[in-house]
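The values are calculated or read from the model by the stated rules, or taken from the named source; none is laboratory data. Because the structure is a prediction, the values reported are computed rather than measured. A quick note on method: Cβ atoms are made from the backbone with ideal geometry, for glycine too, and the neighbour counts reach across all protein chains shown.
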Amino acid sequence: MIGTGASPRITYSSKADVSYHALRESILAGELAPGVRLDQAKLAAELEVSATPLREALRRLEAEGLVNARTHRDVSVAQIVPDEVQSLLAIRGRLDGLAIRLAVAQSDSEASIRIDAAANDVAFWRERAVDAERAFHRAIYTASRNQVLIDLLDLIWDLTGRFHRVIGSRATDIFIAKHREIAKAIRDGDSDAAEAIMAAHIEAEIALILDKPYPKSMRTVTTLDIVGA
Ligand SMILES: [Zn+2]
């Protein structure tokens with residue numbers, strides 16, 4: 001069986017792995033806020049690892065753009081940059097459109113039912129808006145049956161997850177309504193309509209993310225902002 005041997009090499013990589021996944025989740029969940037400088041000694045203690053696997057984990061996170069390392073010791077959580085939100089969501093908009101076209105071309109009625117169900121899973125929305133939002137879009141990606149596209153979109157969602165947390169449940173009703181319209185257009189085989197509604201839906205997401213004050217760290221807060229508020 002692979003992975004049961006207790007060689008130091010495997011132990012090392014699994015510790016780096018565990019650290020990587022734990023840190024990644026905290027960053028994507030917004031628990032480690034954008035711009036925060038990471039206290040590596042404290043993190044190592046919390047994760048019960050030594051400095052080396054932690055550094056390995058940070059290198060992987062840096063390669064993904066989730067942390068910035070100025071030096072070995074000076075590592076911070078990457079800021080949410082408006083340009084990055086625009087760029088990532090613009091790409092997602094195009095790829096979501098492509099997924100819709102491929103999904104409609106499959107004309108798979110069971111997939112349509114699953115997309116409908118995800119659009120109407122309001123209870124899930126109330127509890128976990130970000131996960132419900134993603135689940136709906138993923139139902140469309142799955143229906144496209146294009147694994148490369150699904151993987152690309154998964155990556156984009158991973159990178160934009162913390163942006164969506166900015167919106168939280170504020171847009172729930174609007175998003176549910178849009179999802180239902182998209183689901184209906186897909187069911188009707190009208191990929192033009194579905195794609196147009198999707199494009200507008202993602203534009204609205206970008207606007208919401210960039211308007212919301214959440215990551216104050218994303219803006220330069222001046223004394224005037226504070227005094228003038
Ligand atoms: Zn959506």
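Things to note:
- The range 174-229: number of residues that are within 16 Å of the ligand (Cβ to nearest atom), among the acidic types (Asp, Glu) and modelled with pLDDT under 90: 1
- Residues located in the range 183-214, provided they are of a type in the set (D, E, K, R) and within 22 Å of the chain's Cα centre (by Cα): GLU195, GLU203, GLU205, ASP211, LYS212
- Number of positions in the range 140-171 that are of a type in the set (D, E, K, R), without any contact (Cβ under 8 Å) to a residue 60 or more places away in the chain and within 28 Å of PRO34 (Cα to Cα): 3
- Matching entry among ILE182, ILE113, ILE174, ILE186 (being in contact (Cβ under 8 Å) with a residue 12 or more places away in the chain, exposed (fewer than 15 other Cβ atoms within 10 Å of the Cβ) and either of a type in the set (A, V, I, L, M) or outside the structural domain of LEU66 (by TED's automatic domain parsing) (or both)): ILE174
- Qualifying residue in the range 116-127 (condition: among the polar types (S, T, N, Q) and not in a loop (DSSP other than H, G, I, E, B)): no
- Qualifying residue in the range 22-45 (condition: within 23 Å of the chain's Cα centre (by Cα), closer than 20 Å to VAL81 by Cα, of a type in the set (Asp, Glu) and not in a helix (DSSP H, G or I)): yes
- Tally of residues being outside any helix (DSSP H, G or I) and either within 13 Å of the ligand (Cβ to nearest atom) or among the aliphatic types (A, V, I, L, M) (or both) across the range 148-168: 0
- Number of residues in the range 43-81 that are in contact with a Pro (Cβ under 7 Å, 6 or more places away or on another chain) and aliphatic (A, V, I, L, M): the value is 3.
- Selection status of ALA105, surrounded by fewer than 18 Cβ atoms within 10 Å (Cβ to Cβ), assigned by TED's automatic domain parsing to the domain that holds ILE174 and within 16 Å of the ligand (Cβ to nearest atom): no
- The set of residues in the range 46-73 being in a loop (DSSP other than H, G, I, E, B) and over 23 Å from ARG165 (Cα atoms) consists of GLU48, VAL49, SER50, ARG70, THR71, HIS72, ARG73.
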